[in-house]
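Peer 1: What follows is a single structure, and I will ask about it in a moment.
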Amino acid sequence: MCGIVGYVGDGICKQFILDGLARLEYRGYDSAGIVCIDPKHNHFVFQKEAGGVSLVKKLGETARFDGHIGMGHTRWATHGIVDQKNAHPHFNCDNTVAVVHNGVIENYEALRKELLEKNHHFYSATDTEVIAHIASDLYDSTGSLDGMCTALVKKLHGAYALVLMLEKEPTNLVALRHRSPLVLAQHDSSVYVASDLSAFSDKASSACFMPDDSFAILSKNSVKLFDFEGKPLIPMFEPIDKKYIEIDKGGFEHYMLKEIYEQKRAITRTIYFCRLIGSKNGQYTDSLVDSFKHSEVNDEYSDQIWRHLGLSKDQVKRLKNVVLLAAGTSWHAARIAQFFFEMVAKIPCQVSLASEFRYMPFFPKDDTAYIFISQSGETADTLEALRLVNSFELPTVAITNVASSTMVREAGGFLPMQAGPEISVASTKAFSTQMATLYWLAHRIALERNTISWNDMHEAEEDLFVAAEILETVIENYKIKIINELAPKYAQYERFIFLGRHINYPFALEASLKLKEISYIFSQCYPAGELKHGPIALIDDKTPVVLFSILDDVLYWKIIANAQEVKARKGHLIIFAFEGQHELIDLADTLFIIPRVKPLLAPMAMTGLMQFFVYHITRVLDRPIDRPRNLAKSVTVE
Ligand code: F6R
């Protein structure tokens with residue numbers, strides 16, 4: 001993880017770097033640091049700060065220097081505790097080479113040992129510091145920046161996005177990229193580098209994503225790009241999508257709350273976008289959406305959809321399997337989507353955690369579509385799983401919220417969700433738009449294979465709009481009660497159990513994750529049918545059980561039996577039930593009633609209310625809701 005930002009040009013760099021770091025704090029907020037070259041003396045000046053909520057603000061106050069070249073870093077700790085010593089930038093022995101790093105150097109212990117034998121001394125406990133020492137030796141032995149870079153990459157194993165500065169090269173920044181993202185931009189005489197477009201999207205109009213295994217030498221007015229052998233490459237600059245310009249909270253107290261309320265619109269946009277993606281010029285605008293709403297879809301359109309996904313129509317018809325790969329909340333969306341692919345498209349579907357999949361035996365099948373689901377499109381485990389599947393030249397599709405992400409660039413095709421930038425660390429609207437996209441895709445595949453008709457397809461889209469509407473209205477129904485009564489009451493409990501069955505088991509997993517990650521309240525989730533096989537021992541009046549009902553005639557009665565099991569042990573039941581489910585409703589200590597939707601959209605209808613409930617419990621506890629401890633928005637380390 002970690003966020004990097006660098007600047008070289010005629011302007012002064014400190015404020016730019018601090019603004020960029022503030023926007024990259026979603027990548028980690030354990031510590032932050034900044035280094036510039038003092039223009040008078042050509043020496044490094046730097047400052048680092050550890051911990052605290054307004055970390056970058058603090059850094060702005062303590063860093064009393066500026067320059068025309070500099071870089072900054074915001075850290076999510078991997079090696080070495082969170083303190084000032086381990087904050088980036090890191091330096092070589094005589095503080096003449098500085099480095100900031102996102103990633104993990106896997107062979108750093110061996111490198112450190114080698115360096116210690118050569119009398120280098122270390123200041124921090126990080127894996128990063130070795131890079132500054134090695135770069136310093138290599139610059140001295142090769143006498144050039146490109147010589148230093150080509151030799152440096154041969155020494156480092158792992159994943160890294162690096163920016164280096166050398167006092168001996170006071171007009172150059174050096175950027176290297178291997179498996180962690182880095183993006184460059186130019187504007188007038190200024191040159192920028194950062195982990196993510198958002199760091200400079202208000203300053204520059206076009207950007208170049210550094211290709212994997214490349215390095216760049218940056219100076220004012222100039223970007224020189226090379227591959228790892230030192231062969232020059234042409235940097236490809238493209239216009240920046242302005243939606244990455246900083247977004248405010250829009251009057252809400254937290255981004256999470258704002259994003260909960262953005263879900264209906266995000267789902268609606270996502271569905272319109274899905275329909276549009278194969279339209280002639282592939283461009284998405286609001287007027288196009290309007291004109292498309294009621295139009296018929298022809299064969300040409302249908303071909304373009306599959307091309308966009310990197311699949312042929314024929315491949316879709318012959319698909320024997322779908323494999324979904326993801327992490328965290330995205331994995332929960334994938335597990336929900338398994339029901340869509342199997343029950344609607346009638347295609348067997350396996351769901352794997354990307355971090356597990358990579359180390360399991362792999363049996364490549366070319367009649368399988370491998371779909372990678374990720375809000376950020378940068379999650380290291382998911383990205384590595386994608387690279388593994390790509391290495392077998394199999395069909396890969398990325399479903400992400402960030403069209404400029406590494407996953408989109410590396411997958412065979414992609415389908416972007418239209419959630420809009422999600423700032424709060426806890427995923428909300430990304431989760432619901434993932435469900436929407438996957439529901440739509442499962443139906444679209446079913447249509448292509450003649451499993452469903454055009455009418456069914458249109459009905460599925462309408463059902464999604466209805467579920468999105470309910471997601472929002474049901475929050476309003478319980479808003480006052482949650483804020484005034486329920487959140488203060490449940491914030492007093494120290495642990496929770498979550499139960500669900502069938503499609504609502506992965507939804508219960510998501511609810512449990514949401515509660516623990518933002519409130520720090522301990523919670524466990526089980527498939528409700530498993531209760532009697534052990535977890536029932538945990539039931540007491542101090543452990544509320546949150547039970548999600550289901551819209552299935554057989555399983556509904558099983559859920560009632562599970563609720564009875566809890567009540568029989570004097571357990572406390574918080575039930576999310578659907579309208580008319582009186583037998584279940586009667587068993588609730590606290591009750592949320594949701595209007596009925598299509599059974600497979602039950603999780604979507606419950607999503608907003610669940611998130612709102614968890615949000616307000618956390619608010620009562622006064623936790624830093626948008627930035628829970630130990631977390632980062634984009635998990636770019638394995
Ligand atoms: C939880 C959350 C995480 C992410 C996970 C994967 O609220 O956001 O569990 O879902 O880190 O991230 P993406 O979706 O960006 O691959």
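Peer 1: Within segment 25-41, track down each residue that is of a type in the set (Lys, Arg) and open to solvent by less than 20 Å² (accessible area, probe 1.4 Å).
Peer 2: ARG27
Peer 1: Looking only at segment 512-536, how many residues end up being basic (Lys, Arg) and over 23 Å from the mean Cα position of the chain (by Cα)?
Peer 2: 1
Peer 1: Moving on to the next point. Would you check which residues across segment 437-450 are over 19 Å from SER405 (Cβ atoms) and either open to solvent by less than 10 Å² (accessible area, probe 1.4 Å) or touching a helix residue (DSSP H, G or I) at 6+ places or on another chain (Cβ under 7 Å) (or both) and list them?
Peer 2: Answer for segment 437-450, where residues must be over 19 Å from SER405 (Cβ atoms) and either open to solvent by less than 10 Å² (accessible area, probe 1.4 Å) or touching a helix residue (DSSP H, G or I) at 6+ places or on another chain (Cβ under 7 Å) (or both): TYR439, TRP440, ALA442, HIS443, ARG444, ILE445, ALA446, LEU447, GLU448, ARG449.
Peer 1: Listed residues ALA132, ALA77; which is aliphatic (A, V, I, L, M) and out of contact with any strand residue (DSSP E or B) (no Cβ under 7 Å at 6 or more places or on another chain)?
Peer 2: ALA77
Peer 1: Moving on to the next point. How about segment 506-527: which of its residues are open to solvent by 40 Å² or more (accessible area, probe 1.4 Å) and within 15 Å of the ligand (Cβ to nearest atom)?
Peer 2: LEU513, LYS516, TYR520
Peer 1: Here's a follow-up. Select from segment 30-74 the residues that are of a type in the set (S, T, N, Q) and touching a Leu at 6+ places or on another chain (Cβ under 8 Å) and list them in ascending order.
Peer 2: Matches in segment 30-74: SER31, GLN47, THR74.
Peer 1: Sticking with this structure for a sec: Which numbered condition trips up GLU410, out of (1) crowded, with 24+ Cβ neighbours inside 10 Å; (2) under 27 Å from CYS2 (Cβ atoms)?
Peer 2: Failed condition: (1).
Peer 1: Continuing with this model, one more query. Out of curiosity, is LYS243 at pLDDT below 75 and within 27 Å of GLY608 (Cα to Cα)?
Peer 2: yes
Peer 1: Quickly run through segment 394-405 and pick out the residues that are within 11 Å of the ligand (Cβ to nearest atom) and either of a type outside the set (Gly, Ala, Ser) or surrounded by fewer than 22 Cβ atoms within 10 Å (Cβ to Cβ) (or both).
Peer 2: Hits for segment 394-405 are ILE399, THR400, ASN401, VAL402.
Peer 1: Pull up segment 530-570, narrow it to residues that are over 15 Å from GLY500 (Cα atoms) and in contact with a helix residue (DSSP H, G or I) (Cβ under 8 Å, 6 or more places away or on another chain), then point me to the one that is surrounded by the most Cβ atoms within 10 Å (Cβ to Cβ).
Peer 2: ILE539
Peer 1: Also: Filter segment 379-430 down to residues that are of a type in the set (S, T, N, Q), touching a residue at least 60 places away in the same chain (Cβ under 8 Å) and part of a strand (DSSP E or B), then give me how many there are.
Peer 2: 1
Peer 1: So, of the residues in segment 419-439 that are modelled with pLDDT under 95 and β-branched (Val, Ile, Thr), which turns out to be nearest to ARG265 (Cα to Cα)?
Peer 2: ILE423
Peer 1: Give just the number: which of (1) closer than 25 Å to LEU115 by Cβ; (2) open to solvent by 40 Å² or more (accessible area, probe 1.4 Å) does ILE12 not satisfy?
Peer 2: (1)
Peer 1: Only residues that are open to solvent by less than 60 Å² (accessible area, probe 1.4 Å) and free of Cβ contacts under 8 Å to residues at least 40 places away in the same chain: list them for segment 191-206, please.
Peer 2: Residues satisfying the conditions are ALA204, SER206.
Peer 1: For segment 376-393, enumerate the residues that are away from the ligand (no atom under 15 Å from the Cβ), open to solvent by 20 Å² or more (accessible area, probe 1.4 Å) and not small (Gly, Ala, Ser).
Peer 2: LEU388, ASN390, PHE392, GLU393
Let's see how each residue does on (1) free of Cβ contacts under 8 Å to residues at least 40 places away in the same chain; (2) among the aromatic types (Phe, Trp, Tyr); (3) over 17 Å from ALA411 (Cβ atoms); (4) open to solvent by 10 Å² or more (accessible area, probe 1.4 Å):
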residue: LYS320; (1), (2), (3), (4): no, no, yes, yes
residue: LEU325; (1), (2), (3), (4): no, no, no, no
residue: MET343; (1), (2), (3), (4): no, no, yes, yes
residue: PRO364; (1), (2), (3), (4): yes, no, no, yes
residue: ALA369; (1), (2), (3), (4): no, no, no, no
residue: SER374; (1), (2), (3), (4): no, no, no, no
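This table checks each residue for (1) within 16 Å of the ligand (Cβ to nearest atom); (2) among the small types (Gly, Ala, Ser); (3) not in a loop (DSSP other than H, G, I, E, B).
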site: GLY529; (1), (2), (3): no, yes, yes
site: THR543; (1), (2), (3): no, no, no
site: LYS558; (1), (2), (3): no, no, yes
site: ALA577; (1), (2), (3): no, yes, yes
site: LEU591; (1), (2), (3): no, no, yes
site: LEU609; (1), (2), (3): no, no, yes
site: THR618; (1), (2), (3): yes, no, yes
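Peer 1: Give me a count of the residues in segment 73-92 that are in contact with a helix residue (DSSP H, G or I) (Cβ under 7 Å, 6 or more places away or on another chain) and modelled with pLDDT of 95 or more.
Peer 2: Of the residues in segment 73-92, 3 are in contact with a helix residue (DSSP H, G or I) (Cβ under 7 Å, 6 or more places away or on another chain) and modelled with pLDDT of 95 or more.
Peer 1: Exactly one condition in (1) closer than 30 Å to ILE617 by Cα; (2) crowded, with 22+ Cβ neighbours inside 10 Å; (3) in contact (Cβ under 8 Å) with a residue 40 or more places away in the chain is not met by GLU469; state its number.
Peer 2: (2)
Peer 1: Can you tell which of ALA487, ALA430, ALA426 is open to solvent by less than 10 Å² (accessible area, probe 1.4 Å), under 16 Å from the mean Cα position of the chain (by Cα), over 16 Å from MET604 (Cα atoms) and not basic (Lys, Arg)?
Peer 2: ALA426
Peer 1: Considering each residue of segment 42-85, count those that are of a type in the set (A, V, I, L, M, F, W, C), in a loop (DSSP other than H, G, I, E, B) and either surrounded by 18 or more Cβ atoms within 10 Å (Cβ to Cβ) or without any contact (Cβ under 8 Å) to a residue 40 or more places away in the chain (or both), and give that number.
Peer 2: Of the residues in segment 42-85, 3 are of a type in the set (A, V, I, L, M, F, W, C), in a loop (DSSP other than H, G, I, E, B) and either surrounded by 18 or more Cβ atoms within 10 Å (Cβ to Cβ) or without any contact (Cβ under 8 Å) to a residue 40 or more places away in the chain (or both).
Residue-wise test of (1) within 16 Å of the ligand (Cβ to nearest atom); (2) closer than 19 Å to TRP440 by Cα; (3) assigned by TED's automatic domain parsing to the domain that holds LEU601; (4) small (Gly, Ala, Ser).
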{"site": "GLU342", "(1), (2), (3), (4)": "no, yes, no, no"}
{"site": "ALA345", "(1), (2), (3), (4)": "no, yes, no, yes"}
{"site": "SER352", "(1), (2), (3), (4)": "yes, no, no, yes"}
{"site": "PHE357", "(1), (2), (3), (4)": "yes, no, no, no"}
{"site": "MET360", "(1), (2), (3), (4)": "no, no, no, no"}
{"site": "PRO364", "(1), (2), (3), (4)": "no, no, no, no"}
{"site": "ASP367", "(1), (2), (3), (4)": "no, no, no, no"}
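Peer 1: What number of residues within segment 313-332 are out of contact with any strand residue (DSSP E or B) (no Cβ under 6 Å at 6 or more places or on another chain) and within 16 Å of the ligand (Cβ to nearest atom)?
Peer 2: Residues in segment 313-332 being out of contact with any strand residue (DSSP E or B) (no Cβ under 6 Å at 6 or more places or on another chain) and within 16 Å of the ligand (Cβ to nearest atom): 4 in total.
Peer 1: Mind checking which residues of segment 172-187 are surrounded by fewer than 23 Cβ atoms within 10 Å (Cβ to Cβ) and at pLDDT 95 or above?
Peer 2: Result: ASN172, single match.
The values are calculated or read from the model by the stated rules, or taken from the named source; none is laboratory data. From a predicted model like this one, the values you see are computed outputs, not experimental measurements. Using ideal geometry, Cβ is built from the backbone for each residue, glycine included, and neighbour counts are taken over all protein chains shown. The area values use the complete protein model at the heavy-atom level, side chains included, leaving out ligands, DNA and RNA. Shrake-Rupley method; radii C 1.70, N 1.55, O 1.52, S 1.80 Å.
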